Amino acid sequence: MSKVFEDKKCTELLLRIILNRDDLIVDHVNCQQDIKNLQGRSIRMDILAHDRKGVIYNIEVQNDDAGADPKRARYNSSLLDANITEAGDDYDQLRETYVIFITKNDVLGKGLPIYKS
């Protein structure tokens, strides 16, 4: 999947479908992006993309149901926030971010094709 998402147009199409937005334009994609946490566990994101408005998207493709845990999404989101801010930044400057898991199975078990929170 990382090879597929090296193409910005593929990433853009996927995000447009998931987010139901036809105006979304991806201007940058990093595959296998590392984000370090000096106090603990670091993460390697499958896809890190951002659009023209500065919104950041972390897309994770999971074959194993155990890897698509909501708390993992929360952790990824917190590291994104920590790494896109500088000391002294106002919280209202914090950019919008999305953590998206693409899974083979319905890991939340509610029968929906897409979950948003």
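For segment 1-85, the list of GluC sites (Glu not before Pro) that fall in a loop by DSSP and count at most 16 other C-beta atoms within 10 angstrom reads GLU6. In the chain, the calculated helix contribution to ellipticity at 222 nm averages -7500 deg cm²/dmol per residue, counting -39,500 (n - 2.57) for every DSSP H run with n ≥ 4. When only Cα pairs under 8 Å and 6 or more residues apart are kept, what is the percent relative contact order across segment 2-103? For segment 2-103, the relative contact order is 23 percent.
Think of the chain as a dipole: +1 on every Lys or Arg Cβ, -1 on every Asp or Glu Cβ, centred on the Cα centre; then among THR85, GLY67, THR97, GLY67 lies furthest on the positive end. Across segment 81-97, rounded Karplus estimates of 3J(HN,Hα) from the backbone phi angles (6.51 cos²θ - 1.76 cosθ + 1.60, θ = phi - 60°) give 4, 5, 8, 10, 10, 10, 4, x, 5, 6, 5, 6, 8, 4, 6, 6, 9 Hz, Gly and Pro being marked x.
Look at the dipole of the chain built from charges on Cβ: of PRO113, HIS28, SER42, the Cα furthest out on the positive end belongs to PRO113.
So how strong a dipole does the chain carry about its Cα centre when Lys and Arg Cβ are +1 and Asp and Glu Cβ are -1, to the nearest 20 debye? The partial results should precede the final answer.
Values: 17 positive and 20 negative charges, 65 e Å.
So the magnitude is around 300 debye.
Extension gain for ASP81-ASN20 works out to 19.6 nm (0.36 nm per residue, less the C-alpha to C-alpha distance).
All of the numbers you see were taken from the coordinates with simple rules; none came from a lab. Keep in mind it's a predicted model, so treat the numbers as computed, not measured. Here the Cβ is made from the backbone with ideal geometry for all residues, glycine too, and neighbour counts use every protein chain on show.
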